[in-house]
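*Asks:* Starting off with a structure, shown below.
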Amino acid sequence: MELWPWLTAALLLLVLLLQLSRSARFYAKIGLYCVLCFTVAAVAAVICLLRHGGRTVENMSIISWFIRSFKYLYGLRFEVKGRQKLEVDRPCVIISNHQSILDMMGLMEVLPDRCVQIAKRELLFLGPVGLIMYLGGVLFIDRQRSRTAMTVISDVGKRMVREKLKVWIYPEGTRNDSGDLLPFKKGAFHLAIQAQVPIIPVVYSSFSSFYNYKTKLFTSGTIKVEVLDAIPTAGLTIADVPELLDTCQQAMRATFLHVSQLPRENGAPAGPDAQASQ
């Protein structure tokens, strides 16, 4: 029996389903994104091994080149303001808001030289994706073991000064598509004060106009990125962590609402921050 008529019918049915169903289009795009990540990771890992021979921050430029190409396939545009603030020849801690799996494209769009990320240890075991993260110098933390995490933070502080590294951290600690910022965790601020390096906040506008997991929306769109002025930590101590955290969060939240064109509610936090402050 000929298979071609059945295959053709199945393909036409799939095309029709994608045209009629918003959920089908959403999951198809997410599925393609995951396939791209794993495929590109496998190819990039080979190139990284051939070029640099193993784990080094220099591999991030190779990884970044591959990931930046995803935006053309998905019709995404980035408008970046203040990019030059990241191109400093000194160690620093970079913090940004965290919204979805698409953040990786935003990260790679503005990733400066000699910059590594801190990520949860579970990602190390994601096959070729974990391998390419390891080869790129990503620092993994076991969030279930606080003592181990603090030891890693201490080691990172010494290493970033010694090797003039920039360290990228998501202080919210998890993805957040609420339309506001989650309360920040203290790790990034402990690290910056311990190493006596500045903090550079990076804010991405809300993805909600083109990407929403709950409503299964995934279309093309524009992401505004704003790099804020560096916040110095010279002379600060661990006792200053709460004030430093609050300063960074307020600045990032105000910028997030502005670039996302989201309203404040009576000048007070409109989302999770409101509950946290109460």
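*Asks:* Step by step: first the residues of segment 92-126, then only those that are at negative phi, of a type outside the set (A, V, I, L, M) and touching a Pro at 6+ places or on another chain (Cβ under 9 Å), then the one that is surrounded by the fewest Cβ atoms within 10 Å (Cβ to Cβ). Which residue is that?
*Replies:* 98
*Asks:* Would you check if residue 129 is touching a residue at least 24 places away in the same chain (Cβ under 8 Å), open to solvent by less than 40 Å² (accessible area, probe 1.4 Å) and farther than 25 Å from residue 222 by Cα?
*Replies:* yes
*Asks:* Are any residues in segment 35-52 open to solvent by less than 40 Å² (accessible area, probe 1.4 Å) and either over 20 Å from residue 74 (Cα atoms) or out of contact with any helix residue (DSSP H, G or I) (no Cβ under 9 Å at 6 or more places or on another chain) (or both), and if so, which ones?
*Replies:* Those that are open to solvent by less than 40 Å² (accessible area, probe 1.4 Å) and either over 20 Å from residue 74 (Cα atoms) or out of contact with any helix residue (DSSP H, G or I) (no Cβ under 9 Å at 6 or more places or on another chain) (or both): 44, 45, 48.
*Asks:* A further question follows. What's the number of the condition residue 208 fails, among (1) open to solvent by less than 20 Å² (accessible area, probe 1.4 Å); (2) at pLDDT below 95?
*Replies:* Among (1) open to solvent by less than 20 Å² (accessible area, probe 1.4 Å); (2) at pLDDT below 95, residue 208 violates only (1).
*Asks:* I've got another one for you. Could you go through segment 33-52 and let me know if any residue there is farther than 28 Å from residue 185 by Cβ and in a loop (DSSP other than H, G, I, E, B).
*Replies:* no
*Asks:* Oh, and also: Are there any pairs, at least 6 apart or on different chains, whose C-beta atoms fall under 7 Å, with the first in segment 75-102 and among the charged types (D, E, K, R) and the second part of a loop (DSSP other than H, G, I, E, B) and open to solvent by 10 Å² or more (accessible area, probe 1.4 Å), and if so, which?
*Replies:* 85/229; 85/230; 90/164
*Asks:* Right, here's the next one. For the list (1) crowded, with 21+ Cβ neighbours inside 10 Å; (2) among the β-branched types (Val, Ile, Thr); (3) under 23 Å from residue 81 (Cα atoms); (4) more than 16 Å from the chain's Cα centre (by Cα), I need the number of the one condition that residue 227 fails.
*Replies:* Condition (4) is where residue 227 drops out.
*Asks:* So which residues in segment 77-90 are over 19 Å from residue 249 (Cα atoms) and either touching a Pro at 6+ places or on another chain (Cβ under 9 Å) or open to solvent by less than 20 Å² (accessible area, probe 1.4 Å) (or both)?
*Replies:* The answer is 83, 87, 88, 90.
*Asks:* For segment 109-124: of the residues being acidic (Asp, Glu) and assigned to a helix (DSSP H, G or I), which is farthest from residue 155 (Cα to Cα)?
*Replies:* By that ranking, first place goes to 109.
*Asks:* Something else now. Can you pull out the residues in segment 54-76 that are closer than 25 Å to residue 164 by Cα, open to solvent by 60 Å² or more (accessible area, probe 1.4 Å) and either aromatic (Phe, Trp, Tyr) or not in a helix (DSSP H, G or I) (or both)?
*Replies:* Residues satisfying the conditions are 55, 65.
*Asks:* Also: The conditions are (1) of a type in the set (A, V, I, L, M, F, W, C); (2) modelled with pLDDT of 95 or more; (3) touching a Pro at 6+ places or on another chain (Cβ under 8 Å), and residue 182 fails exactly one of them. Which is it?
*Replies:* (2)
*Asks:* Say whether the condition of being among the basic types (Lys, Arg) and open to solvent by 40 Å² or more (accessible area, probe 1.4 Å) is met by at least one residue in segment 244-256.
*Replies:* Within segment 244-256, none of the residues are among the basic types (Lys, Arg) and open to solvent by 40 Å² or more (accessible area, probe 1.4 Å).
*Asks:* Within segment 183-205, take every residue that is open to solvent by 40 Å² or more (accessible area, probe 1.4 Å) and in contact (Cβ under 8 Å) with a residue 24 or more places away in the chain and give me the one that is farthest from residue 251 (Cα to Cα).
*Replies:* By that ranking, first place goes to 194.
*Asks:* Residues that are among the small types (Gly, Ala, Ser) and more than 30 Å from residue 81 (Cβ to Cβ): which helices (runs of 4 or more DSSP H) entirely in segment 125-205 hold 3 or more of them?
*Replies:* 146-163
The values are calculated or read from the model by the stated rules, or taken from the named source; none is laboratory data. Just so we're clear, the structure is a prediction, and the values are computed from it rather than from any experiment. With ideal geometry, Cβ positions are generated from the backbone for all residues, glycine too; neighbour counts draw on all protein chains shown. Note: areas computed on protein heavy atoms with side chains; ligands, DNA, RNA excluded. Shrake-Rupley method; radii C 1.70, N 1.55, O 1.52, S 1.80 Å.
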